[in-house]
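Peer 1: Structure incoming, see below.
The values are calculated or read from the model by the stated rules, or taken from the named source; none is laboratory data. The structure presented is a predicted model; accordingly, all values stated were derived computationally and were not measured. Quick reminder, even Gly has a Cβ in these numbers, built from the backbone with ideal geometry, and neighbours come from all protein chains shown. For accessibility, only protein heavy atoms count, side chains too; no ligands or nucleic acids. Shrake-Rupley method; radii C 1.70, N 1.55, O 1.52, S 1.80 Å.
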Amino acid sequence: MSTTDASFPRREFTRARGPIYFALFGGGVISLYLIAKGAAAISGSRFGPVAGILAAAALLAIYVTGALKLLSRVDFSKVTLAMDHEGIHLAHQAETSIPWTSIAKIRYYEVGRFHETKIILIERLDIGKREVRIDAHLLHCGNPRDLYETMKRYHRYFAPMSESEENGNALVYGSSSWTGLDDD
């Protein structure tokens, strides 16, 4: 085993269970509420409160059965993102591999009112600066920020230096207002 293999092992990430469970629960509660309100509006006061409670219980049982059936089809053990010495491999994208040499920049964003959506954008060099989006909050990776930092570390090690860095001009900036906050 070489030192590169020890320092930069293949890392694999699967889907997170939490967001899928939360989405199914939230969607179910909203749809059950709407169905119950619709049934109450149609039936009026003909059947009374006991019939409404029995109908809600029946709808809840049907929903739980359907939700469990849907969850059984989701493969949480399938690797959706992997990183190794060759590049980043995505299972949910049409193109499954992004070599380190074709990555221009990797950026991290936290979006939403409570910063609940964590996005990693990979800017590609080989396809006209097209960006690949990775929803890091949907991965079972612990902390999405750590995943981003690991990607940057792999990219710095495995991507070759550009010509401007080899010439020594990489640290020369044309603007006097440069702060260094935008660079990777």
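Peer 1: Which one is nearest to the chain's Cα centre (by Cα), of the residues in the stretch 134-146 that are over 15 Å from GLY87 (Cα atoms) and in a strand (DSSP E or B)?
Peer 2: Filtering first and then ranking leaves ASP135.
Peer 1: In the stretch 1-16, what count of residues is obtained for those that are at pLDDT below 75 and of a type in the set (D, E, K, R)?
Peer 2: 1
Peer 1: Moving on. Looking at (1) of a type outside the set (Asp, Glu); (2) at positive phi; (3) open to solvent by 40 Å² or more (accessible area, probe 1.4 Å), can you tell me which one LEU125 breaks?
Peer 2: (2)
Peer 1: If I filter the stretch 87-113 down to residues being touching a residue at least 40 places away in the same chain (Cβ under 8 Å) and outside any strand (DSSP E or B), which single residue comes out as most open to solvent (accessible area, probe 1.4 Å)?
Peer 2: Ranking the qualifying residues of the stretch 87-113, first place goes to THR101.
Peer 1: Could you grab the pairs with beta carbons closer than 9 Å, sequence gap of 6+ or different chains, first residue in the stretch 11-35 and touching a residue at least 24 places away in the same chain (Cβ under 8 Å), second one open to solvent by 80 Å² or more (accessible area, probe 1.4 Å) and small (Gly, Ala, Ser)?
Peer 2: THR14/SER77; ARG15/SER77
Peer 1: Of the residues ASP146, ASP135, only one is touching a strand residue (DSSP E or B) at 6+ places or on another chain (Cβ under 9 Å) and not aliphatic (A, V, I, L, M); which?
Peer 2: ASP135
Peer 1: If LEU68 meets every condition in (1) open to solvent by 50 Å² or more (accessible area, probe 1.4 Å); (2) of a type outside the set (Lys, Arg); (3) at pLDDT 75 or above; (4) more than 29 Å from LEU138 (Cβ to Cβ) apart from one, which number is that one?
Peer 2: (4)
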